[in-house]
Amino acid sequence: MDYIGIDIGSTAAKVVVRGAHPQQFILPTGWSSRETADNIRERLTAGGVCLSPDHSRTVATGYGRGNVPFADKMVTEITCHARAGAAHGSPDCTIIDVGGQDTKVIRIEGGMVSDFLMNDKCAAGTGKFLEIMANRLCVGLEELFALAAQGTPLAISALCTVFAESEVISCIGEGKPRADIAAGVVDSVASKVATLCSRQALLPDIYLTGGLCHSPYFISRLSDKLGRTVRALPDGHFAGALGASLLAERMK
Amino acid sequence: MIALPKNFETYPEARKAGFLRMKALKDQGQRVVGVFCSFVPTELIYAAGAIPIGLCAFTEEPIPAAEAHLPRNLCPLIKASYGFALTDTCPYFYFSDFIIGETTCDGKRKMFELLDEIKPTYVMQLPPSKVAPHALESWKAEMVRLRRQLEEFYGIEITDEAIREAIRRKNHERDVMLRFMELGKLNPAALSGYEIGTRLDASAFSFDLEERCNEIEARTREVLESWEKNVKGTESRRPRLLVTGCPNTGVRDKIIKAVEEMGADVVCFDACNGLRDKLRKVDETKPVMDALAEKYLDITCSVMSPNPQRLTDIGDMIDQYEVDGVIEIILQACHTYNIEAYEVKRYVTEQKGKAYLCLETDYSQADKGQIATRLGAFLEMLG
């Protein structure tokens, strides 16, 4: 039996298989969730996974969860991240998921979600903000963090991504060092995520999930802002898919 | 002769019908007063031989027109109401003889100054708190002032007897509406929260009070009979939700309908289009102006500071309606509800041990997907 978790996010689609053919992979979501789901089906089949009900169960999550025709069930990414956090972090913890288009703070008690917050209709404090600013600075995300680590943060005070981009452009125009601008950008995201966190009582164990797990620099900035230790959840980029796979196993 | 708006011929059929219906009423000499808020004592309007019509608006359509005068970052209800007035597209505003506003929230208070340029707008000065002893006195003086305004506007005398009669009829209406909403106490649920809300909203446009009560009573009986026969004694695993906060009509599809389609039952509303002003009636034994002042100062809207009775009422509703979770709806830029949400959350989660979700939104469809994800996660959390 294979338990398949598929997390179609706004930027990347993540897949975790547990059971007879364990594997995990990631691919860009592209413009069509349906096409992404087809690609995932091909990758899974090539990896020896049989999608018939006798051999596998599939849970889909993420904003594209409604576009996975072979999924047995859809679950929101909040519940899936929580499930992964309880399994790979601890049964009582706070999960901070900085996603491509939204950021969530999830409180988990006794392995269950007891509260969650999401950012409101705004890209500030999300992966999208970093992506736009990295583009503007002509670097990739990893390079942005590497640059930022060498810089002194410039204040980027605009609350709106579009205006913050103008602020960055002004900084470029004034000939400010790229490293300082990059540090300012990361600082701005960390501040906004921390502000969202302040609206909920954080538990002692705090884990980061989502694409920014790979950046120790971001984690240290966020820890500083919160005055608390934030750790990356192991395989945190796959947290949604892992949670979905764990939920697939529990399905009757 | 009462004229229709200039652009009448371009209106869609449903809107034309609304205008013609109101015009027919006006042609018969019916007095019509436009109101916005449940703080306005409609008893006085009935006693003046007029009908009160609610002008709060719930659609996105007139908002761009309103934004020519009002800031974008303002409550959608205020913008929509003003936009309808500005564009002559609301038959109820158009055919109102005058408007009664009130100093409830800052947004409405200042909007009324602009509204007055379109149609005479009389504003009641509501005290921001009922704690001080003079609050009741000053509110009673406002009741007297409104009574005089109606008398002068229509050139009539309003007798105590007429007010007493209007109080009796309105109290009866409150009873009828309350009994309908109390169907929500039935477990498993007897009807959807979507129906409770839409039916109550629609009934407000049935202008004859008796007819309005008869319609709601008939539906109450019908639902109860069907529940006794088909549902009573069965088990339901659908979580039962209380909806609280700002007026929810404009976001009913996006939130209430959506969460019910996902498998929950909305059984109870702590809102001005819900139980809020139905729980306590006007005292029929007291002098009429005192009784009205007391009742209409005792509304648990977040504009009142402090507002502890709202929490007590929410607590009672959680118990009586066997509620599993609370969804708070905040309309964009409604500061008083938005701030009070912190207290509501603390009370619901810590004192009552129930789950709580707060959604801040407006009348647009832009956040439909995000809201669906939050509602989905909330239901998964309730298990």
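The values are calculated or read from the model by the stated rules, or taken from the named source; none is laboratory data. Note that the coordinates shown come from a computational prediction; the quantities given were computed from them, not determined experimentally. FYI the Cβ positions are ideal-geometry reconstructions off the backbone, even for glycines, and counts take in every protein chain you see. Surface accessibility is based on the protein's heavy atoms, side chains included, excluding ligands, DNA and RNA. Shrake-Rupley method; radii C 1.70, N 1.55, O 1.52, S 1.80 Å.
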Q. Restricting to the stretch A:80-91, what's the tally of residues that are within 14 Å of another protein chain (Cβ to nearest Cβ) and open to solvent by 20 Å² or more (accessible area, probe 1.4 Å)?
A. 2
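Select, from A:L154, A:L130, the only residue that is in contact with a Lys or Arg (Cβ under 7 Å, 6 or more places away or on another chain), at pLDDT 90 or above and not in a strand (DSSP E or B).
Values: A:L130 fails: in contact with a Lys or Arg (Cβ under 7 Å, 6 or more places away or on another chain).
Going through A:L154, A:L130 in turn, the sole match is A:L154.
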(Q) Can you report the number of residues in the stretch A:92-118 which are more than 13 Å from the chain's Cα centre (by Cα) and facing another protein chain (nearest Cβ under 9 Å)? (A) 6
**Q.** Count of the stretch A:135-186 residues which are loosely packed, with under 13 Cβ neighbours inside 10 Å and either among the acidic types (D, E) or not assigned by TED's automatic domain parsing to the domain that holds A:G125 (or both)
**A.** 2
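Hey, can you tell me all the residues within the stretch A:51-69 that are within 14 Å of another protein chain (Cβ to nearest Cβ) and not hydrophobic (A, V, I, L, M, F, W, C)? Walk me through it before giving the result.
Step one: filter the stretch A:51-69 for residues within 14 Å of another protein chain (Cβ to nearest Cβ), giving A:59-67.
The answer is A:T61, A:G62, A:Y63, A:G64, A:R65, A:G66, A:N67.
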Q.
away from every other protein chain (no Cβ under 14 Å), on the phi > 0 side of the Ramachandran plot and either over 19 Å from the mean Cα position of the chain (by Cα) or surrounded by fewer than 16 Cβ atoms within 10 Å (Cβ to Cβ) (or both): is that true of A:G48 in this structure?
A. yes
Q) Which fully enclosed helices (runs of 4 or more DSSP H) of the stretch B:30-139 have 3 or more residues being among the hydrophobic types (A, V, I, L, M, F, W, C)? A) B:42-47, B:63-66, B:76-86, B:106-115
Q: Please go through the stretch A:1-53 and pick out each residue that is in a loop (DSSP other than H, G, I, E, B) and polar (S, T, N, Q).
A: A:S10, A:T11, A:T29, A:S32, A:S52
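In this structure, is A:T58 in contact with a helix residue (DSSP H, G or I) (Cβ under 9 Å, 6 or more places away or on another chain), at pLDDT below 95 and β-branched (V, I, T)?
Numbers: in contact with a helix residue (DSSP H, G or I) (Cβ under 9 Å, 6 or more places away or on another chain): yes; at pLDDT below 95: no; β-branched (V, I, T): yes.
Spelling it out, it is not the case that A:T58 is in contact with a helix residue (DSSP H, G or I) (Cβ under 9 Å, 6 or more places away or on another chain), at pLDDT below 95 and β-branched (V, I, T).
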Q) Of the numbered conditions (1) without any contact (Cβ under 8 Å) to a residue 24 or more places away in the chain; (2) hydrophobic (A, V, I, L, M, F, W, C); (3) closer than 20 Å to B:A271 by Cβ, B:L357 satisfies every one except a single condition; which is it? A) (1)
Q: Run down B:E284, B:E322, B:E294 and say which single residue is assigned to a helix (DSSP H, G or I) and open to solvent by 20 Å² or more (accessible area, probe 1.4 Å).
A: B:E294
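Suppose the filter is assigned to a strand (DSSP E or B), within 14 Å of chain A (Cβ to nearest Cβ) and open to solvent by less than 60 Å² (accessible area, probe 1.4 Å); does B:E360 pass it?
On the way: assigned to a strand (DSSP E or B): yes; within 14 Å of chain A (Cβ to nearest Cβ): yes; open to solvent by less than 60 Å² (accessible area, probe 1.4 Å): no.
For B:E360, the condition - assigned to a strand (DSSP E or B), within 14 Å of chain A (Cβ to nearest Cβ) and open to solvent by less than 60 Å² (accessible area, probe 1.4 Å) - is not met.
Kindly establish whether B:I371 is touching a helix residue (DSSP H, G or I) at 6+ places or on another chain (Cβ under 8 Å), in a helix (DSSP H, G or I), within 14 Å of chain A (Cβ to nearest Cβ) and open to solvent by less than 20 Å² (accessible area, probe 1.4 Å). Full working, then the answer.
Working: touching a helix residue (DSSP H, G or I) at 6+ places or on another chain (Cβ under 8 Å): yes; in a helix (DSSP H, G or I): yes; within 14 Å of chain A (Cβ to nearest Cβ): yes; open to solvent by less than 20 Å² (accessible area, probe 1.4 Å): yes.
So B:I371 passes the test.
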